[in-house]
Amino acid sequence: RIAGPCSLIIFGVTGDLARKKLMPAVYDLANRGLLPPSFALVGFARRDWDHEDFAKIVHDAVRDHARTGFREEVWERLAEGFRFVQGAFDDDSAFDRLKETLEGLDKERGTDGNHAFYLSIPPKAFPTVCEQLDRSGLAKEDGDHWRRVVIEKPFGHNLESAKELNAIVNGVFPESSVFRIDHYLGKETVQNILALRFANQMFDPLWSSHYVDHVQITMAEDIGLGGRAGYYDGIGAARDVIQNHLLQLMALVAMEEPISFEPKQLQDEKIKVLAATRNIEPLDDNTARGQYGPGWQGSEKVPGLLDEAGFAKDSTTETFAAIALEVDSRRWAGVPFYLRTGKRLGRRVTEIALVFKRAPHLPFDKTMTEELSQNALVIRVQPDEGITLRFGSKVPASSMEVRDVNMDFSYGTAFTEASPEAYERLILDVLLGEPSLFPVNEEVELSWEILDPVIEHWAQAGTPDTYESGTWGPTSADEMMSRVGRSWRRP
Ligand code: BG6
């Protein structure tokens, strides 16, 4: 579907996210023919730029980060709708100018009074910007003309602050106009969890405590935190990605079949899972956290977190976090969900693995199954997108030796269509007013309810363990699993 006439206003247009993701995604959408001719992109920032500077910034961002090839005619048509408004968030006159600019665009380009405000700014600036949008009359829907606000995480740093933040946003925009970005939900492989589970018959009978021993959700990154201290110090891995991305992945894996894919039906099923989720106690044995020290990333020597610019020398911010959860439902009782994430780990990989119980009896000589592990269904979210089924197979020419083999589905070989970038899909959905892929406030709050006790426990438990960069995290994470006779996968 093609978006209707509208303008997209980006606050924080000088930031990294705008440059690497948002502006390239807008271009890619235009290039794919998904934006209407009456579309405008408006940048708002303190920087002393004029329209030409802004157009150049967008141009460079597109050149460096767009997925689709550069086409002059697409660019020119798009660039005619670029506007830049210079000002500070607390400057009333800047918002009055923004209003004039948008009204001008309605007339010149036919954007029709439909505006999406993208707050790609630190949450502490949300109240001011929301107030300004309210004061200037820009937040209010006007007849058939819609107003939407897009907010980026972090949605608070705990339950209490999330509630405060939400009260501020909802004080100005009705919940139906608020789009909370969790970019993992924009990934093709994540949306495919629903297709895998609900379009097929063969997996469902296995999808429960009858056959599943445990689930591991891993989001490993090889990058460090150089340049991100301002955002990350004091936040840490659990708040940065477990509270949102990993709990959303877990909800999609654990939820019941929705009545339909209507947004409300989907949200309701995810909410039920999150409401039934609790930490496995005691937290000391069932969580782990770490901070990367110096080490090697491939052949490159890399510094530890405490030597990265901007981090406090005694920072206790965790860059690795692992937690164990249980979902109190008939389907999942007794099945642990292990969630882990970390920076500067062995490699970049996100995957969801359903690890199955062992066969109750193996009629083989013991020596024949030494290399047989548990069956697993692995959803490879990235980078090598696909699905793997691991099972045992007879080694050719052996008497009856059984060893693990993989059956693979790869996006690259199965489909000729390329996957759009997550932000492309999500920005388009905002412009279309399609809320399925955006977590609602209740999901955000339930996620904090799960995470808050863990973070409080860690705050009292002293400093995080150190792990060498380029390894798979602190030994405490391995111990957390070995204590219960399991081990982390090494994807
Ligand atoms: C962001 C986190 O939400 O996701 C970052 O704030 C992280 O710390 C990023 O690096 C990873 O996204 P992706 O899509 O590259 O897995």
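The values are calculated or read from the model by the stated rules, or taken from the named source; none is laboratory data. Because the structure is a prediction, the values reported are computed rather than measured. Cβ atoms come from the backbone with ideal geometry, glycine included; neighbour counts cover every protein chain shown.
Give the stretch 230-258 a look and list any residue that's within 12 Å of the ligand (Cβ to nearest atom) and more than 28 Å from residue 273 (Cα to Cα), or say none.
Across the stretch 230-258, the qualifying residues are 231, 232.
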Within the stretch 210-224, residues more than 8 Å from the ligand (Cβ to nearest atom) and touching a residue at least 40 places away in the same chain (Cβ under 8 Å) come out as 211, 212, 213, 214, 215, 216, 217, 218, 220, 222, 224
Failed item in (1) over 30 Å from residue 295 (Cα atoms); (2) out of contact with any helix residue (DSSP H, G or I) (no Cβ under 6 Å at 6 or more places or on another chain); (3) within 16 Å of the ligand (Cβ to nearest atom), with residue 156 passing the rest: (2)
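If you check 450, 379, which single one turns out to be at pLDDT 95 or above, of a type in the set (Val, Ile, Thr) and within 16 Å of the ligand (Cβ to nearest atom)?
The unique qualifying residue is 379.
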Checked 138, 133, 194 against criteria (in contact with a Pro (Cβ under 9 Å, 6 or more places away or on another chain), surrounded by 14 or more Cβ atoms within 10 Å (Cβ to Cβ) and within 25 Å of residue 21 (Cβ to Cβ)); the one match is 194
The number of residues in the stretch 414-439 that are among the β-branched types (Val, Ile, Thr) and at pLDDT 95 or above is 2
Is it fair to say residue 370 is more than 20 Å from residue 204 (Cα to Cα), away from the ligand (no atom under 16 Å from the Cβ) and at pLDDT 95 or above? no
Starting from the stretch 336-353, keep only residues that are in contact (Cβ under 8 Å) with a residue 12 or more places away in the chain and within 14 Å of residue 280 (Cα to Cα), then list their pairs with residues that are of a type in the set (Val, Ile, Thr) and within 12 Å of the ligand (Cβ to nearest atom) whose Cβ atoms are within a distance under 8 Å, requiring at least 6 positions of separation or different chains. 339/242
Since residue 191 meets every condition but one in (1) assigned to a loop (DSSP other than H, G, I, E, B); (2) within 16 Å of the ligand (Cβ to nearest atom); (3) polar (S, T, N, Q), which condition does it not meet? (1)
Is one or more of the residues making up the stretch 176-190 more than 17 Å from residue 10 (Cβ to Cβ), free of Cβ contacts under 8 Å to residues at least 60 places away in the same chain and surrounded by fewer than 17 Cβ atoms within 10 Å (Cβ to Cβ)? no
In the stretch 333-349, residue surrounded by the fewest Cβ atoms within 10 Å (Cβ to Cβ) [restricted to those that are within 16 Å of the ligand (Cβ to nearest atom) and outside any loop (DSSP other than H, G, I, E, B)]: 349
Kindly indicate whether residue 291 is within 16 Å of the ligand (Cβ to nearest atom), crowded, with 17+ Cβ neighbours inside 10 Å and more than 20 Å from residue 467 (Cα to Cα). no
Cβ contacts < 9 Å: first residue free of Cβ contacts under 8 Å to residues at least 24 places away in the same chain and among the polar types (S, T, N, Q), restricted to the stretch 467-491; second residue outside any strand (DSSP E or B) and surrounded by 18 or more Cβ atoms within 10 Å (Cβ to Cβ), any location; separation 6+ or different chain. Result? 487/481
Enumeration of residues in the stretch 311-332 that are β-branched (Val, Ile, Thr) and part of a loop (DSSP other than H, G, I, E, B): 316, 317, 319
Restricting attention to the stretch 165-172, does a residue exist that is at pLDDT below 95, assigned to a helix (DSSP H, G or I) and under 30 Å from residue 308 (Cβ atoms)? yes
Go through (1) more than 10 Å from the ligand (Cβ to nearest atom); (2) at pLDDT 95 or above; (3) of a type in the set (Gly, Ala, Ser) one by one and return the number of the condition residue 227 breaks. (2)
